[in-house]
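Quick note: the coordinates plus some simple rules give every number you see, no bench work behind them. Predicted model only: the values in this text are computed from it and were never measured. Heads up, the Cβs are rebuilt from the backbone with ideal geometry, glycines too, and the neighbour counts pull from every protein chain shown.
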Amino acid sequence: MPTRQKARTIDELSNQLSRASLVIVTDYRGLKVADLQTLRGNLRPTGGEIHIAKNTLTRIAANNVGVSGLDPMLEGPSALVFAFEDVVQTAKAVTDFVRTSRILSVKGGVMGDRAVSAADVDAIATLPSREELQARLLGMLVSPMARTLGVLTGPSRSMVYLLNARSEQPELAQAAD
């Protein structure tokens, strides 16, 4: 029977695991408290959080919410990074911190109901952001319409240029006289 504190931790982890779009498991061994605070600060704008929890409690919470694939990664000291909003930006923040700190390492993670490796987390971090994808989609939708509009207005534009040139022509003829 777990203690009240452990039961509360299991409930919190269960809640976070069920809400998160991506969970990244990291090895934080050797990381200083100041470094951990820096990482927390980097994750906050992306809608991500990092939590250190006991592996046993994490396993129980994962089983409670039906998240599979975490068990092999929960060996040794583990910190969990939860991506609640933007998966790509959270993964970028973690991989950037891994590159700069050289202490933190990614073990893998879970995205939805699928386990992902450390290489997959790096691949997720290289994806364009949601805003960039939306801008690309909008550009793809607007481009054919703009070209169609250009084709349809071409003849009327040519007529305006012709009439303008014709209206300037008598002035040139009178100026030559």
Rank 152, 98, 26 by how far each Cα sits towards the positive end of the charge dipole of the chain (+1 on Lys, Arg Cβ; -1 on Asp, Glu Cβ) and give me just the farthest.
26
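Once you list every other residue whose beta carbon is under 10 Å from the beta carbon of residue 45, what net charge do they have if Lys and Arg are +1 and Asp and Glu are -1?
Numbers: positive: 44; negative: 85, 86.
Neighbour charge sum, excluding residue 45 itself: -1.
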Value at 222 nm in deg cm²/dmol, rounded to 500, when DSSP H runs of n ≥ 4 in the chain each add -39,500 (n - 2.57)
-20500 deg cm²/dmol
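Take every Cα pair under 8 Å in segment 38-138 that's 6+ residues apart, average their separations, divide by the length, and report that relative contact order as a whole percent. Display every interim value, and only then the final one.
Values: 114 pairs, mean separation 29.2, N = 101.
This gives 29 percent for segment 38-138.
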Which of [x] 15.6, 44; [y] 16.1, 47; [z] 28.7, 110 gives Rg and Dmax of the Cα atoms in Å as computed here? It is [z]
With the 8 Å Cα cutoff and a minimum separation of six or more residues, the chain has a relative contact order in percent of 26 percent
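Determine the sum of side-chain charges near residue 88: Lys and Arg each +1, Asp and Glu each -1, restricted to other residues whose C-beta is under 15 angstrom from that of residue 88. Kindly include the intermediate steps, with their values, before the conclusion.
Working: positive: 92, 130, 136; negative: 85, 86, 96, 120, 122, 131, 132.
Summing Lys and Arg as +1 and Asp and Glu as -1 gives -4.
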Just to confirm the filter: which trypsin sites (Lys or Arg not before Pro) across segment 29-110 are DSSP coil and have at most 13 other Cβ within 10 angstrom of their Cβ?
29, 32, 102
Neighbour-count order for 111, 145, fewest beta carbons within 10 angstrom listed first
145, 111
What lysines does residue 107 reach when the alpha-carbon gap must be under 21 Å and sequence neighbours fewer than 8 apart in one chain are set aside?
32, 54, 92
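What does the net charge come to around residue 71 if you take all other residues with beta carbon closer than 15 Å to its beta carbon, with K and R at +1 and D and E at -1?
Values: positive: 54, 59, 107, 114; negative: 75, 113.
The answer is +2.
Sorted from fewest to most neighbouring beta carbons within 10 Å, what does the list 73, 140 look like? Each step should come with its number before you reach the end.
On the way: 73 25, 140 9.
Ascending number of Cβ neighbours within 10 Å: 140, 73.
What's the exposure ranking of 36, 162, going from fewest to most Cβ atoms within 10 Å? The partial results should precede the final answer.
On the way: 36 17, 162 10.
Ordered by Cβ neighbours within 10 Å, fewest first: 162, 36.
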To the nearest Å, what is the center-to-center distance of segment 35-76 and segment 86-110, using C-alpha atoms only?
13 Å
